[in-house]
């Protein structure tokens, strides 16, 4: 009886140790936190690359200025609506550019959901 109880205890402890030392748990614990989406780090580079010159007054743009935090914050709903349109739809943005990728559009949505950090 003592031998079978000791053996059972040894098995339980071994299983516990092995299950807690699994490499996937270590990998999951060591994953870096996702980068915080801010206007300066995430949105402004997209605007500079995809919305120029139209929405950047310094580049000769004459449309709503989206090259500043306040400009984008004020117009975020309209910007998201328009970048989600298809290129053949009236009001599509970015005008004369390719449609932004789904991942890029998600960045705008996540920024808005995060209360638009600067």
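The values are calculated or read from the model by the stated rules, or taken from the named source; none is laboratory data. Keep in mind it's a predicted model, so treat the numbers as computed, not measured. Neighbour counts run over all protein chains shown; Cβ positions are idealised from the backbone, glycine included.
Before moving on, here are some points about what is shown:
- Residues that are surrounded by 10 or more Cβ atoms within 10 Å (Cβ to Cβ), in contact with a helix residue (DSSP H, G or I) (Cβ under 8 Å, 6 or more places away or on another chain) and in a loop (DSSP other than H, G, I, E, B) were ranked within the stretch 14-61; the one that is modelled with the lowest pLDDT is 52.
- Yes/no for residue 68 being under 20 Å from residue 106 (Cα atoms), surrounded by 13 or more Cβ atoms within 10 Å (Cβ to Cβ) and either at pLDDT below 60 or over 18 Å from the mean Cα position of the chain (by Cα) (or both): yes
- Failed item, numbered, when residue 91 is tested on (1) surrounded by fewer than 12 Cβ atoms within 10 Å (Cβ to Cβ); (2) on the phi > 0 side of the Ramachandran plot; (3) under 19 Å from the mean Cα position of the chain (by Cα): (3)
- Count - residues of the stretch 94-116 that are assigned to a loop (DSSP other than H, G, I, E, B), at pLDDT 95 or above and either over 20 Å from the mean Cα position of the chain (by Cα) or exposed (fewer than 14 other Cβ atoms within 10 Å of the Cβ) (or both): 3
- Contact map, the stretch 43-60: first residue touching a residue at least 24 places away in the same chain (Cβ under 8 Å) and outside the structural domain of residue 80 (by TED's automatic domain parsing), second residue assigned to a loop (DSSP other than H, G, I, E, B) and buried (at least 17 other Cβ atoms within 10 Å of the Cβ), Cβ cut-off under 9 Å, separation 6 or more or different chains; the map is empty.
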